[in-house]
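Okay, structure first, notes after.
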Amino acid sequence: MNQLSVRLKKSLVAYGFLAPAFIVIILFTIIPIVMALFYSFRDWNFGKTSTYIGLANYQSLLKDELFGLAFRNTVIYTVGVVSGVTVISLALALLVNTGLRFRGLIRTVYFLPAISSMAIVAVIWKVIYNPTFGLLNYLLGKVGIQPQMWLISPTTALPSIMLMEIWRSAGYFMIIFLAGLQGIPAALYDAAAVDGADRGKSFLYVTLPLLRPTILFVVVVATIHSFQVFDAIYIMTGGGPAHRTEVLGSLIYITGFLHFYLGRASAIAYILTIIIFTISYIQRRLLASEVEY
Amino acid sequence: MITSSRQVNKFIWGRRAWSVFRHLIAFVVFLVMVVPFVWMILTAIRSTYSPLDVFLHPIPRQFTLENFQKVLSTNQLGRALLNSIIVSVFIVAGNVILDSMAGYAFAKKEFVGKGFLFAIVLLIMMIPFYVTLVPLFTMLAQFKWVNTYQGIIMPHVVSAFGIFMMTQFMKEIPRDLIDAAAIDGANEFDIFTRVVIPLCGPALSALAILQFLASWNMFMWPLIIANSADMRTIQVALALFTDRYGTSNWGLTMAGSTVALLPMLLIYIVLQRRFVQGISMTGLKF
C-alpha cells in the first residue's frame, strides 16, 4: 500500500466520528447559507414570481428608509446595551467577588434573569412598563415623578427595551468577569499594596489591564448578541411605535415571513451576517494578539 | 504608613463604611433582580384586577391556584410545555452525542482535511442563524416538516460552538490513556465510550446546560416553523397568550410566565454550581 492510502484508511475512523455532525451541518447550515446568497439575488415573492435581479435587492435596501431606520436602531441598541452591560456586569463582579456576606445567595439571584427566557422577561417587563398598572410608574409616583409612557412613546420605547436587556444579561456577564477576576494572582494586589496603591489605583493598574482579554470577550459576545436582537422587540413592541424600535432582526422576520419577500429578506440577512462576521473576525485577531502575563 | 492611633481609627472606620456601602449596593441590586419574579408569582396566585395589588395589599385575602389551572387546561400552555420538554431533550441529547463525537475526532485523530473541516466549524460559529432562516424554512417545507418536532429540532441537534468546546476540552486528555486501551485490544467505539467520555464529565455537563438554556429559551425558529396551536413551544405560546390576555387578566398572564419559568428554575436551583462552571468555561475556553 502506498502512503496516501494508509493515511486515508486511518482517516476513515475519524470520518466515522465526524459524519453524523457534518451531515447535519451540511444539510441545515451550509446548504442554506449558500442558498440564501442565491435567494438574495432574486426578486422572489413566495408562491408567485421569482426572477434573477442581480444586486438590485441590495441596491434598493441601501436606499430604503425603513432599512436605514432599522439599521440605525440596531446600532443604537447595540451601543447602549453593550456599554451598559459591560460596565454594570464588571461592577457587579467586583462587588460580589470578595468580602460580602451571603455571597452565594446574592450571586444566585443576580444570575436569575439570565436563565429566564426573553419571552418570560419581556412579558414581566411589559407589565412593569404598563403606564397605568405598571410597577415603574407606581414607584416613580412615590417620589413625585410623572407617569411615563415607556413602550408607547417613540422617544422612550427603544431605551426601555435596552434597559430590560441590560437587566437580563448583567448576571451572565458577571459570571464571566468573576472567572476572569479569579485568574488574577493575589500576589499582584499584595505587591501593589506594598507600593502604596489604594483601592482605585490597584483597580486601574492591576485589575483593568489583566482583565483586558475578558473585557474584550464580553464586549464582542454582547455586540454579536445585541446585533441579532429579535425576541424582545417582537414581544414588547412589534417594532412600533411608528418603527421606532424596528431592528434588522425584526425587519427580516416581517419582510420574509409576513410579506414573503424571500429574496429581499435574504439580502438583509446577508448584510447582517457580513457585519457580524466582521466583528467576530476582528475579535479573533484582537484576542490572538493578546500578551500573556 | 499608619502611625498614630487616630489614623488607625480612621483606617478601620474607612474600611467599615466601605463595607456597609458595598452591602447596601448589593442589597439594592438584589431587590432589582428578584422583585420582578416575586411580583410575578404573587400576582399569579391571587385573583385581582390590578398587578399593583401586590404592593397595595401585600397579604392577599385568599390564595388561589385557579390561574394555574386555567393556564394549563384551557389555554394549551400545558401542551406547549410538553412540546418544549420534548424539543429540549432531543436537542440536548443530540448535541451531547454528536458534538462530542466530532470533538473527539478533531482533538485526538489525524486525518486528511482536518484543518479544512475545523476551519468550517470556526467559520459557522461566526455566522448568525438569521442567514439560514429563509432557505431552511423553504427546505423543511418541502420535507413536509412544518409543524413537526423534527422541524423544530433537527437544525439544532449539532452546534459548531459545542464541537469547538469539546475539541478544546478533549485535547487535554492524555494520549497514553487512549493508547493503553488500544493496546489492550479495545476497538474505536469502546475507547470513545469507555475511556474518553467518562473523562469529559465537566465539559459534557457544561455543554448540556448551555444547550438546554438555548433550546428551552429558543424563540424565533419555533415561531416560524411551528405555528399551529398544538405544536407551539412554551415561549411562543406564552408570547401569543400574553397578546390575548395582556391587559385583561393579569393573574393569567403572570401564571403563564411562572409556568414557563418553573422547569428552568428547578434545574437551575439543583445544578447551580454546574451552571456557573459551564458559563465560566465558555468565557475561558474561547
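We did not get these values from a lab; they are worked out from the coordinates using the rules stated. All of these numbers come straight from a predicted model, not from anything done at the bench. Note: ideal-geometry Cβ built from the backbone for every residue, glycine included; neighbour counts use all protein chains shown.
Rounded to whole numbers, the Karplus 3J(HN,Hα) couplings from phi for the range A:80-94 are x, 5, 5, 5, x, 6, 5, 5, 5, 5, 5, 4, 5, 4, 5 Hz, using 6.51 cos²θ - 1.76 cosθ + 1.60 with θ = phi - 60°, and x at Gly and Pro. Cross-link reach is defined here as a Cα-Cα straight distance under 21 Å, omitting same-chain residues fewer than 8 places apart; for A:K48 the lysines meeting it are B:K144. Working value for the range B:124-274: equivalent-ellipsoid semi-axes of 39, 21, 13 Å, each the square root of 5 times a Cα gyration tensor eigenvalue, largest first. Computed across the range A:144-221, the Kirkwood radius stands at 15.5 Å (inverse of mean 1/r, all Cα pairs). Our note on the geometry: Cα centres of the range B:149-207 and the range A:219-260, 37 Å apart. Considering only the Cα atoms of the range B:207-286, their convex hull presents on average a projected area of 6.6 nm². Computed over chain B, the per-residue total of -39500 (n - 2.57) for DSSP H runs of n ≥ 4 gives a 222 nm mean residue ellipticity of -23000 deg cm²/dmol, rounded to 500.
Across the range B:42-115, how large is the tail of the calculated P(r) beyond 20 Å, expressed as a percent of all Cα pairs?
On the way: 1682 of 2701 pairs.
In whole percent, the share of Cα-Cα pairs in the range B:42-115 beyond 20 Å is 62.
Convex hull of alpha carbon positions in the range A:1-158: directionally averaged projected area 20.4 nm². Convex hull of alpha carbon positions in the range A:163-273: directionally averaged projected area 9.1 nm². Here's the list of lysines a cross-link from B:K109 could span, going by alpha-carbon distance under 28 Å and ignoring same-chain residues fewer than 8 apart: A:K9, A:K10, B:K171, B:K285. Just report the Cα centroid separation between the range A:1-53 and the range A:74-130, whole Å. The two parts, judged by their Cα centres, are 39 Å apart. Shape class for chain A: oblate, because the ratio a/c of the largest to smallest gyration tensor axis (alpha-carbon atoms, square roots of eigenvalues) is 1.5 or more and b/c is at least a/b.
Among A:V220, B:G103, B:T193, which residue has its Cα positioned farthest towards the positive end of the charge dipole of the protein assembly as shown, with +1 placed on the Cβ of Lys and Arg, -1 on the Cβ of Asp and Glu, and the dipole taken about the Cα centre? So the residue we want is A:V220. By definition, a body whose alpha carbon gyration tensor gives a ≥ b ≥ c is oblate when a/c is 1.5 or more and a/b is not larger than b/c, and the range B:146-198 fits this oblate description. So for the protein assembly as shown, considering every pair of alpha-carbon atoms, how many percent are separated by more than 32 Å? Of all Cα-Cα pairs in the protein assembly as shown, 52 percent lie more than 32 Å apart. In this structure, the amide hydrogen of A:R42, modeled 1.01 Å from its nitrogen in the peptide plane, lies closer than 5 angstrom to those of A:I53, counting only residues at least 5 positions away or on a different chain.
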